[in-house]
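Trainee: Okay, here's the structure, questions in a sec.
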Amino acid sequence: MKLWGGRFTKPTSQLMDEYTASIQFDQKLAKYDIQGSLAHVEMLAKCGIIAESDATTIAKGLEAVAEKIETGEAELTEDNEDIHMNVEKLLIDEVGPVGGKLHTGRSRNDQVALDMRLYLREALVMLSQLVVDVQNALYNQAKNNLDTVLPGYTHLQRAQPVLFAHHMMAYVFMFQRDVERLVDSFKRVNKSPLGAGALAGTSFPIDRQYVADKLNFDGITENSLDSVSDRDFVVEFLSNASLISTHLSRLCEELVQWSSAEFNFIELDDEFCTGSSMMPQKKNPDVAELVRGKTGRVYGHLMGMLTTLKGLPLAYNKDMQEDKEGMFDTVETLKGALALFAPMIESMHVNKETMYQAVAKDYSNATDLADYLVGKDLPFREAHAVVGQVVLYCIQHNKYLLDLEFEEFQQFSESIDRDIYDVLAPEAVVNARDVAGGTAKQRVKEQFETADQLLQQSSNWIHEHEKKLNVN
């Protein structure tokens, strides 16, 4: 007979047990379920709801159950449906009927909401550190390549030269927004729903704030109906995870392109590539491709969770059992991708000369010729047209701007002087973008200073919460 089976006259169908059981995936919450139960039973004794001696017995029993689950000695079964009922059954087996007092004043509805928040807040701290690791790897590549110039692209067509460091820093700041979103979401995760009961609270004189304090929550949820039905924090996490995946995928796309023979801008370390079973010359950027591919998997979990919630009335519904697998899988998917990404970026070899030659053999300095003419008091639209004609002439004569003789420049505009060769040099073109946030060397150094501060702030927050939550 189920622990809840008092009003039933016959056992549930085996097919139903197999279909509705969640123990095969929610056993991941065992550690958190027992953490919450230890705080709950301590509160029950403090409030005089159960005897101190019973609370002591239950607490010792829970610690024994935790050890047995960790070592694999405990058997978690589908007959007991989920991690909550499995832990309670193991506890009663361990300490006898007194173990049944543990569930006084709570429901599996507020219990699972608590467990998920305990799990997710640790995941937020862990993932924040992994994103910061990726940022640091990108930052190090930027600092090591401050003088490296490469083509910048729009529409995947060469547009203007930029510093490779500038390109890397774009991703540093992109991932900074991801860290900030994870950190900001923490305050919405870090509220305790325990005490909301099934939906309406409980008639026992419990102390919700005491449990919240014991578990290092910032406070308690405000409404019992909302407490057990809220999965906004899961949706928010999945949304933030989708953005992280998006940013990883965008960078993966560039790594795949840049490591091809057509670009040859970078070479990924052998540790992060594979070969072909047929073609012995191949070196495939499999990590970058697979991270790019798994982005769709993360998006799918977000869409699945939103779809599950969209038609649910208050309060708890069995549909909400679908809230866990996507969350767990997203955490593991991101964890694996980020853990690989930092060393892959750190060990990446940058082909500086190839990048420079690409800039020297294109027309990405054309805008600077137009700006030069504007400086000679030619309206920009007229300058734009003149430079268009110059570029067309170059294409027809198989030349680049810096290949033109001075006399060739002058046939398009007598305003062009001999200093044009200095103006159109790749380094000059880059350093001409001397505005806040621009690609000029000094401006990139300013970005380094900003990144130093932001990375330190993130690290401080992570270390504080790792210590507070005892995150390994």
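Trainee: Identify all residues within segment 140-160 that are in a loop (DSSP other than H, G, I, E, B) and among the β-branched types (V, I, T); write none if there are none. Give the steps one after another, and end with the answer.
Mentor: Keep residues of segment 140-160 that are in a loop (DSSP other than H, G, I, E, B), which gives 145-148, 155-156.
Across segment 140-160, the qualifying residue is only T148.
Trainee: Now a separate question. In this structure, is L378 more than 30 Å from F164 (Cα to Cα), out of contact with any helix residue (DSSP H, G or I) (no Cβ under 7 Å at 6 or more places or on another chain) and of a type in the set (A, V, I, L, M)? Give the derivation first.
Mentor: Details: more than 30 Å from F164 (Cα to Cα): yes; out of contact with any helix residue (DSSP H, G or I) (no Cβ under 7 Å at 6 or more places or on another chain): yes; of a type in the set (A, V, I, L, M): yes.
Yes: the conditions hold for L378.
Trainee: I would also like to ask the following. Hey, R418 hits all of (1) farther than 21 Å from H167 by Cβ; (2) in contact (Cβ under 8 Å) with a residue 24 or more places away in the chain; (3) not hydroxyl-bearing (S, T, Y) but one; which does it fall short on?
Mentor: (2)
Trainee: Would you mind stating whether V98 is at negative phi, crowded, with 23+ Cβ neighbours inside 10 Å and in a helix (DSSP H, G or I)?
Mentor: Against the criterion (at negative phi, crowded, with 23+ Cβ neighbours inside 10 Å and in a helix (DSSP H, G or I)), V98 does not qualify.
Trainee: If E67 satisfies all but one of (1) acidic (D, E); (2) touching a helix residue (DSSP H, G or I) at 6+ places or on another chain (Cβ under 9 Å); (3) part of a helix (DSSP H, G or I), what's the number of the condition it fails?
Mentor: So the condition that E67 fails would be (2).
Trainee: When only residues in segment 410-448 that are under 21 Å from V391 (Cα atoms) and among the β-branched types (V, I, T) count, which is nearest to the chain's Cα centre (by Cα)? Give the steps one after another, and end with the answer.
Mentor: To start, the set of residues in segment 410-448 that are under 21 Å from V391 (Cα atoms) comprises 410-430, 432.
If we keep only those that are among the β-branched types (V, I, T) as well, we get 416, 420, 423, 429-430.
Working: I416: 50, I420: 46, V423: 42, V429: 35, V430: 32 Å.
Across segment 410-448, the extreme among qualifying residues is V430.
Trainee: Same structure, new question: Can you name the residue in segment 10-47 that is surrounded by fewer than 17 Cβ atoms within 10 Å (Cβ to Cβ) and free of Cβ contacts under 8 Å to residues at least 12 places away in the same chain and, of all such residues, is farthest from the chain's Cα centre (by Cα)?
Mentor: K10
Trainee: Looking at E427, is it touching a residue at least 12 places away in the same chain (Cβ under 8 Å) and in a helix (DSSP H, G or I)? Outline the logic, then answer.
Mentor: On the way: touching a residue at least 12 places away in the same chain (Cβ under 8 Å): yes; in a helix (DSSP H, G or I): yes.
So E427 fits the description; yes.
Trainee: Within segment 453-472, take every residue that is free of Cβ contacts under 8 Å to residues at least 24 places away in the same chain and not in a helix (DSSP H, G or I) and give me the one that is farthest from Y171 (Cα to Cα). Write out each step before concluding.
Mentor: Here is the first cut: in segment 453-472, the ones free of Cβ contacts under 8 Å to residues at least 24 places away in the same chain are 453, 456-457, 460, 463-464, 467, 470, 472.
When the remaining residues are screened for being not in a helix (DSSP H, G or I), the result is 470, 472.
Working: N470: 30, N472: 27 Å.
The qualifying residue farthest from Y171 (Cα to Cα) is N470.
Trainee: Of the residues that make up segment 71-83, is at least one of a type in the set (A, V, I, L, M, F, W, C) and either within 33 Å of the chain's Cα centre (by Cα) or closer than 23 Å to S227 by Cα (or both)? Walk me through it before giving the result.
Mentor: Residues of segment 71-83 of a type in the set (A, V, I, L, M, F, W, C): 74, 76, 83.
Among the residues that remain, those that are also either within 33 Å of the chain's Cα centre (by Cα) or closer than 23 Å to S227 by Cα (or both) are: 76, 83.
The answer is yes, given that some residue of segment 71-83 is of a type in the set (A, V, I, L, M, F, W, C) and either within 33 Å of the chain's Cα centre (by Cα) or closer than 23 Å to S227 by Cα (or both).
Trainee: Those residues that are in contact with a Leu (Cβ under 7 Å, 6 or more places away or on another chain) and either at positive phi or in contact (Cβ under 8 Å) with a residue 40 or more places away in the chain (or both), I need them from segment 187-214; list them, please. Lay out the reasoning, then the answer.
Mentor: First pass over segment 187-214, keeping only residues in contact with a Leu (Cβ under 7 Å, 6 or more places away or on another chain): 189, 192-194, 199, 208, 211.
Answer for segment 187-214, where residues must be in contact with a Leu (Cβ under 7 Å, 6 or more places away or on another chain) and either at positive phi or in contact (Cβ under 8 Å) with a residue 40 or more places away in the chain (or both): V189, S192, P193, L194, L199, V211.
Trainee: Can you find, within segment 149-185, the residue that is farthest from H40 (Cα to Cα) among those that are of a type in the set (K, R) and at pLDDT 95 or above?
Mentor: Keep residues of segment 149-185 that are of a type in the set (K, R), which gives 158, 177, 181.
Filter once more, so that each one left must be at pLDDT 95 or above: 177, 181.
Working: R177: 36, R181: 31 Å.
Of everything passing the filter in segment 149-185, R177 is farthest from H40 (Cα to Cα).
Trainee: Shifting gears a bit: Which fully enclosed helices (runs of 4 or more DSSP H) of segment 186-279 have 3 or more residues being of a type in the set (F, W, Y), crowded, with 16+ Cβ neighbours inside 10 Å and modelled with pLDDT of 95 or more?
Mentor: Working: elements: 208-214, 224-229, 232-258.
Counting at least 3 such residues, we get 232-258.
Trainee: Scan segment 437-452 and report the pairs whose first residue is outside the structural domain of D133 (by TED's automatic domain parsing) and whose second residue is β-branched (V, I, T), with Cβ atoms within less than 6 Å and a gap of 6+ or a chain change.
Mentor: What qualifies is T439/V162; T439/V430; A451/V172.
Trainee: Just a yes or no: is a residue in segment 173-183 at negative phi, in a loop (DSSP other than H, G, I, E, B) and acidic (D, E)? Outline the logic, then answer.
Mentor: Initially, segment 173-183 is screened for residues at negative phi, giving 173-183.
Checking which are in a loop (DSSP other than H, G, I, E, B) leaves us with none.
The answer is no; no qualifying residue exists.
Trainee: List pairs: first residue in segment 368-388 and exposed (fewer than 15 other Cβ atoms within 10 Å of the Cβ), second residue hydroxyl-bearing (S, T, Y) anywhere in the structure, Cβ distance under 6 angstrom, at least six positions apart or on different chains.
Mentor: K376/S415
Trainee: What number of residues in segment 353-366 are out of contact with any helix residue (DSSP H, G or I) (no Cβ under 8 Å at 6 or more places or on another chain), in contact (Cβ under 8 Å) with a residue 24 or more places away in the chain, surrounded by fewer than 18 Cβ atoms within 10 Å (Cβ to Cβ) and part of a helix (DSSP H, G or I)?
Mentor: So the answer is 1.
Trainee: What pairs come out if I take residues in segment 60-77 that are more than 14 Å from G99 (Cβ to Cβ) and pair them with residues that are assigned to a helix (DSSP H, G or I) and of a type in the set (S, T, N, Q) whose C-beta lies under 7 Å away, six or more apart or interchain?
Mentor: Pairs that qualify, where the first residue is more than 14 Å from G99 (Cβ to Cβ) and the partner is assigned to a helix (DSSP H, G or I) and of a type in the set (S, T, N, Q), are L76/Q27; L76/N86; T77/N86.
The values are calculated or read from the model by the stated rules, or taken from the named source; none is laboratory data. None of these values were measured; they are calculated from a predicted model. Heads up, the Cβs are rebuilt from the backbone with ideal geometry, glycines too, and the neighbour counts pull from every protein chain shown.
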